[in-house]
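To start, the structure itself, in structure tokens.
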Amino acid sequence: MLLYYAGKDVHDIYNTLSPAEDRTFVQAKEMLRVHFEPAKNETFEVYGFRSLVQLEGETIDKYLTRLREAGSRCGFTDIDKEIKHQIVFSCSSKKVRRKALCDDPSLENLVKYSRSLESTKTQADIIEKNDFKVNKIARP
């Protein structure tokens, strides 16, 4: 049914992929997926990963998500190590960078530290914004 609905051109491609055998739907679908999937240039994907920097105002979680997504296309053997290095090289916080260089924490601990810094900054900004100034009352 798959080949019938895909059309004659796809059916011809399917027949050229390998000798005709009784294949299951899953096998046929996988063969066609591999054939039509665009070629991946791993070097270019790594370039894109290395070009990612933390944007101004971007949380560590959003940055981490972008790094994980880009890193998944790079073929890294240890993606957490590569993500940690990228955070150290291109995060917007000097404190995070210094912590990583000084203590060499795991990616998980580095992200926890970054989150705590972000949360502390947000809370301090709220408190400082709400500071009230009291004017001195003097007698004439």
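Quick note: the coordinates plus some simple rules give every number you see, no bench work behind them. All figures in this text were calculated on a predicted structure; none of them were measured in a lab. Cβ: placed from backbone, ideal geometry, glycine included. Neighbour counts: every protein chain shown.
Some notes on this structure:
- Gained length - LYS62 relative to HIS35, 0.36 nm times residue gap less alpha-carbon distance: 6.4 nm
- Residue pairs exceeding 18 angstrom between C-alpha atoms, taken from LYS8/LYS40; LYS40/LYS62; LYS40/LYS81; LYS84/LYS112: LYS8/LYS40; LYS40/LYS62; LYS40/LYS81.
- Under 14 Å, Cβ to Cβ, from LYS29 - net charge with Lys/Arg +1 and Asp/Glu -1: 0
- With respect to the chain, whose longest principal axis is taken over its alpha-carbon atoms, helix 25-36 is tilted by about 70°.
- C-alpha long axis of helix 94-103 to longest principal axis of the chain, angle in °: 80 degrees
- Peptides 81-91, 55-65, 120-130, ordered by how many other C-beta atoms sit within 10 Å of their residues on average, highest first, read 81-91, 55-65, 120-130.
- Counting only alpha carbon atoms, the long axis of helix 60-71 and the longest principal axis of the chain meet at about 20°.
- Choice from ALA28, ALA70, ALA39 showing the highest fluctuation, given a GNM over the chain with Cα pairs closer than 10 Å: ALA28
- Net charge contributed by nearby residues that have their C-beta within less than 14 Å of ASP103 (K/R +1, D/E -1): +4
- Taking every alpha-carbon pair under 8 Å whose residues sit at least 6 apart, the chain reaches a relative contact order of 17 percent.
- Note on the chain: with a GNM built from Cα contacts shorter than 10 Å, the maximum mean-square fluctuation among LEU101, LEU32, LEU67 falls on LEU32.
- Contour excess over end-to-end distance, with Cα ends at THR16 and SER72 and 0.36 nm allotted per residue: 17.1 nm
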